[in-house]
Amino acid sequence: MGKFEPSVLIVGAGGAGIAAATRLLERGFRNLTILEAENRIGGRIHSVRRGTNVLDYGAQWVHGKENNFIYDMASKYGLIEIEQHKENELYFKSSGEPVPKDVSDRVIDTLYTLLEDVHSLQTFSGSLGAYYDNVFFDAVRAGKFSDIDQRTCYQLYQFFIKYHNTYNATDTLHEVSGAGLLEFEDNQDEFLINWKNRGFRTLLDLLMRKLPEQNGPPIPVEEYIKFNHVIKSIKWKARSEDRPETPDHHRVSVTCSNGATFSATHLILTVSLGVLQDMHTVWFDPPLPDPKRNAIEGLYIGTIDKMFLEFDEPFWPQDNSWHGFGLLWEPNDLEQLRHDGRQWLESVCAFFVPDRTERLLVAWIYGHDARVMEALPEPTVIDGLMYLLRKFLPHFLVPAAPRWFSRSRWYSNPHFRGSYSSRSMKSDAMRATAAELAEPLTAVRDHVPIVQFAGEASHPQFYSTVQGAVASGWREADRLIDLYRTQATSGTTTLEKKMPSLIGKL
């Protein structure tokens, strides 16, 4: 009988899938196939070169230096730098009036200082939105902003809420779990660490050892990828009638919409939580067990999008004093916006000038209005954004239109169905956890993992981040590496005795 090598299918060539594949290939697993629905690698890492600029439609910054292996990997080769935007945050009202910087700094810094009391959040049973409201209005009643115009103060607080909706990819902070947010391990001493105009795609090159500075040969992951393969069904065998010593020993079979079928010993599923929520009742035969369904349906995934505007020449100051601005709405202007049927523009949080780019503004939008924007015709979106620029910056020479426009559409793309995950009040009520999402489906007889789950939503501490996605891919690859190393060492089963070709490489 021939030597046995476990076959592994990976669905998704994003951060988690590439991390799992590189780990397995490094350890000698060669019976490997990666199925990717898109025509590119990266998933929600999507860096595109545009002239001298690199645009990140998805993940953009490395968040934090402490306890962040992505920062460690990238800084080793001088690939990243810290941006200094916080010192230059500017705000404009819809009347065109700029907010004095000392006023905006005072309100925003006070809010962050008040919110540093983690203990009070630990004992808070409501939503994050309710918690923030309590903190803000308590501060107002305590007179902390008594010398600041109250309308301006409230407008800055409304921006603060929009910023955090954008940051958490949520429709409203009133659906975000206050205590659940504390699951996230926040080591983000620096929020904006960029890739020096190389794009977040550089991380994939690091994982595949494609940089000339790295030691050792590249890991040929792309040789194992089948692009444009969209999953149609997943059949897995919790109870197998196959004899354990059967060389092919397939326990899971994946059929794609193009008719191709792939069978394997193990499946590592790295699709987004949004895709799982849409497709798990369609894909799985037999259906998923209740705890897995509960995790998928109970965890939250939201939407944020970017809209890129490139101009012939920048119309904003070309020095370090200007990196974009936050939008503060006057009540009457906001009422008119809604009356005109342009209410989706209300959720455009800010316009931003990315470091190391030229002639480029990026507008950020979140939640329900982001999903509305994705469905609008491109000229309508451009017209709306130019309306905002002219309204908030009347003293700038804003052009009639950009020379080029592009946008992300993370929700409407059926291969993603959202941007990233968080913890909601529904998650709390359903007791849905990342740990349950990460739990593999195993065989009844020998408890060998058949279907494994990876992706940022499955990481308990670093959900919503590329760091969490990569770590989850490594976790599932290590689960298989440890399984076969342990079995080969103990010699307790028939299956692993057929594996000398693999075990010698572990």
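Restricted to the stretch 272-286, and to residues there that are touching a residue at least 24 places away in the same chain (Cβ under 8 Å) and open to solvent by 30 Å² or more (accessible area, probe 1.4 Å), the residue that is nearest to the chain's Cα centre (by Cα) is Gln277. Screening Asn320, Asn332 for residues that are farther than 28 Å from Arg23 by Cα and assigned to a helix (DSSP H, G or I) leaves exactly one candidate, Asn332.
Pick out the one residue from Ser408, Ser472, Ser422 that is open to solvent by less than 10 Å² (accessible area, probe 1.4 Å), at pLDDT below 95 and of a type in the set (Gly, Ala, Ser).
Going through Ser408, Ser472, Ser422 in turn, the sole match is Ser422.
Do we have Trp344 as open to solvent by 10 Å² or more (accessible area, probe 1.4 Å) and within 24 Å of Glu175 (Cβ to Cβ) here? Yes.
Close Cβ contacts (under 9 Å, 6 or more residues apart or on different chains) running from residues in the stretch 99-110 that are at positive phi to residues that are surrounded by 18 or more Cβ atoms within 10 Å (Cβ to Cβ) and assigned to a helix (DSSP H, G or I) are absent. Pairing residues of the stretch 114-128 that are within 12 Å of Leu181 (Cα to Cα) with residues that are in a helix (DSSP H, G or I) and charged (D, E, K, R), at Cβ distances under 8 Å and at least 6 apart in sequence or on separate chains, gives Ser127/Glu175. Does His46 fit the bill of being under 30 Å from Gly384 (Cα atoms) and either surrounded by fewer than 19 Cβ atoms within 10 Å (Cβ to Cβ) or in contact with a strand residue (DSSP E or B) (Cβ under 9 Å, 6 or more places away or on another chain) (or both)? Yes.
Here is a check on your reading of the model: is Gly367 at positive phi and loosely packed, with under 14 Cβ neighbours inside 10 Å? So Gly367 does not fit the description; no.
Can Glu66 be described as acidic (Asp, Glu), within 29 Å of Ile365 (Cα to Cα), open to solvent by less than 50 Å² (accessible area, probe 1.4 Å) and not in a strand (DSSP E or B)? No; evaluated as a whole, the condition is false for this residue. Being over 22 Å from the mean Cα position of the chain (by Cα), open to solvent by less than 50 Å² (accessible area, probe 1.4 Å) and either modelled with pLDDT of 95 or more or more than 28 Å from Asn39 (Cβ to Cβ) (or both) is a property that holds for His249. Of the candidates Ser104, Ser127, Ser95, Ser120, the single residue that is of a type in the set (Ser, Thr, Tyr) and within 22 Å of the chain's Cα centre (by Cα) is Ser127.
The single residue among Lys235, Lys210 that is closer than 12 Å to Tyr77 by Cβ and modelled with pLDDT of 95 or more turns out to be Lys210. Looking across the stretch 1-57, the residues that are part of a loop (DSSP other than H, G, I, E, B) and among the basic types (Lys, Arg) come down to Lys3, Arg27, Arg30, Arg40, Arg44.
Of all residues in the stretch 39-66, those that are at positive phi have Cβ atoms under 7 Å from Cβ atoms of residues that are at pLDDT below 90 and open to solvent by 10 Å² or more (accessible area, probe 1.4 Å), 6 or more apart or on another chain, in Gly64/Asn187; Gly64/Gln188; Gly64/Asp189; Gly64/Glu190.
Conditions tested, residue by residue: (1) modelled with pLDDT under 95; (2) on the phi > 0 side of the Ramachandran plot; (3) in contact with a helix residue (DSSP H, G or I) (Cβ under 7 Å, 6 or more places away or on another chain); (4) not hydrophobic (A, V, I, L, M, F, W, C).
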{"position": "Val176", "(1), (2), (3), (4)": "yes, no, yes, no"}
{"position": "Glu183", "(1), (2), (3), (4)": "yes, no, no, yes"}
{"position": "Asn187", "(1), (2), (3), (4)": "yes, no, no, yes"}
{"position": "Ile193", "(1), (2), (3), (4)": "yes, no, yes, no"}
{"position": "Lys196", "(1), (2), (3), (4)": "yes, yes, no, yes"}
{"position": "Val230", "(1), (2), (3), (4)": "no, no, no, no"}
{"position": "Ser240", "(1), (2), (3), (4)": "yes, no, no, yes"}
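The residues listed here are Ile301, Ile296; of these, the one that is under 30 Å from Leu437 (Cβ atoms), open to solvent by less than 50 Å² (accessible area, probe 1.4 Å) and in a helix (DSSP H, G or I) is Ile296.
To keep it simple, each residue is scored yes or no on (1) touching a strand residue (DSSP E or B) at 6+ places or on another chain (Cβ under 9 Å); (2) of a type in the set (Phe, Trp, Tyr); (3) in contact (Cβ under 8 Å) with a residue 60 or more places away in the chain; (4) open to solvent by 50 Å² or more (accessible area, probe 1.4 Å).
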{"site": "Lys292", "(1), (2), (3), (4)": "yes, no, yes, no"}
{"site": "Asp305", "(1), (2), (3), (4)": "yes, no, yes, no"}
{"site": "Pro314", "(1), (2), (3), (4)": "yes, no, no, no"}
{"site": "Pro317", "(1), (2), (3), (4)": "no, no, no, no"}
{"site": "Gly324", "(1), (2), (3), (4)": "yes, no, yes, no"}
{"site": "Cys349", "(1), (2), (3), (4)": "yes, no, yes, no"}
{"site": "Arg371", "(1), (2), (3), (4)": "yes, no, yes, yes"}
{"site": "Leu388", "(1), (2), (3), (4)": "yes, no, yes, no"}
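The values are calculated or read from the model by the stated rules, or taken from the named source; none is laboratory data. Note that the structure is a prediction, hence the values are computed from the model and not measured. Every residue, glycine as well, gets a Cβ built from its backbone with ideal geometry; the counts of neighbours run over all protein chains shown. When the accessible area is computed, the model is the full protein with side chains, heavy atoms only, and any ligands, DNA or RNA have been set aside. Shrake-Rupley method; radii C 1.70, N 1.55, O 1.52, S 1.80 Å.
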